[in-house]
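Chemist: The structure under discussion is supplied below as structure tokens; questions concerning it will follow.
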Amino acid sequence: MRLRHKPWASEFIAEHSQYAIANPEQYKGKWHEVFGNHNPIHIEVGTGKGQFLAGMSVQNPDINYIGIELFESIIVAALQKIVDLQLPNMKLLNVDASHLTEYFDDNEIDRVYLNFSDPWPKTRHSKRRLTYKSFLSLYERILKKGGEIHFKTDNQGLFEFSLISFSEYGLQLKFLSLDLHNSAFEGNIMTEYEEKFSKKGQRIYRVEAKYMNEVE
Ligand code: SAM
């Protein structure tokens, strides 16, 4: 994603603190209070400009969505979508996903979405991939038992790495698709990257990975 300096971004984010949550540590364990209901909470890690999450929020008003994005200059585009659509069930955190457990309590989250995560193709950068085992361990902590990761990407190398990483971690793989747009999957909401890459004719890979830690 190309980063452009946007001097007005901080101000825009501060003006809309009901959607872009400042100091999210203070809401750890209390996200249901922030949304004002007890609906399930799904997070997207690396939400980018927010097209997927805004679409999901409209499609599923009884689910609460939180987008996690590292860069202020990118998250403002997601914030603009919430403001335009007045979405009560979507919030944004401008934070690094490496610190997810500072913002969410154990078992607080119902699902994690990873869409078109940065592939970090060099082996020496593999620990930065959002499907690396250290991230899977963070997600495991904040997810309810038996929680799921839903993952889409156009990048074959990242997909292969992730399938191995999920399997080695003991996650159960479900609904694996090597060509999402020509599959029976219904209700797909495209991300910005998904639109861009599928227009170029690239196949989209998708899988759901479930933690097998439910109490017998
Ligand atoms: N999901 C969007 C899509 O499909 O259009 C954006 C994909 S973009 C390739 C990956 C996004 O993940 C970038 O916006 C990047 O800033 C964000 N990201 C990468 N690592 C992150 C991290 N550790 N914490 C939060 N966001 C991260």
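Laboratory data are not the source of any read-out in this text; all were calculated from the coordinates shown. Predicted model, so just to flag it, every value in this text is computed and none were measured. Positions of Cβ are generated from backbone atoms using ideal geometry, with glycine treated the same way; all protein chains shown enter the neighbour counts.
Chemist: To the nearest 0.05, how large is the calculated FRET efficiency for Met212 and Glu160 if R₀ is 25 Å and r is the Cβ-Cβ distance?
Modeler: The value I calculate is 0.70.
Chemist: 7 Å from Cα along Cα→Cβ at both Lys28 and Asp96: what's the point-to-point distance in nm?
Modeler: Here the modelled spin labels are 1.6 nm apart.
Chemist: Using 0.36 nm times the number of residues separating Ala14 and Gln86, minus their current alpha carbon distance, what extension gain do you get?
Modeler: 24.3 nm
Chemist: Could you state the number of Å between the C-alpha centres of the stretch 6-66 and the stretch 106-179?
Modeler: 21 Å
Chemist: For Lys49, which aspartates and glutamates qualify as cross-link partners when the Cα separation must be under 20 Å and same-chain residues fewer than eight apart are set aside?
Modeler: By straight Cα distance, Lys49 reaches Glu11, Glu15, Glu69, Glu72, Asp84, Asp96, Asp118, Asp154, Glu192, Glu194, Glu195.
Chemist: What are the lysines whose alpha-carbon lies under 17 Å from the alpha-carbon of Lys199, with same-chain residues fewer than 8 places away excluded?
Modeler: Lys152
Chemist: Packing-wise, with mean Cβ within 10 Å as the measure, how do 96-106, 35-45 rank, highest first?
Modeler: 35-45, 96-106
Chemist: What number, in percent, do you get for the relative contact order of the stretch 39-210 if the mean sequence gap of Cα pairs under 8 Å and at least 6 apart is divided by its residue count?
Modeler: 22 percent
Chemist: Full-extension gain between Glu186 and Ser198, please, as 0.36 nm times their residue separation minus the C-alpha to C-alpha distance.
Modeler: 2.6 nm
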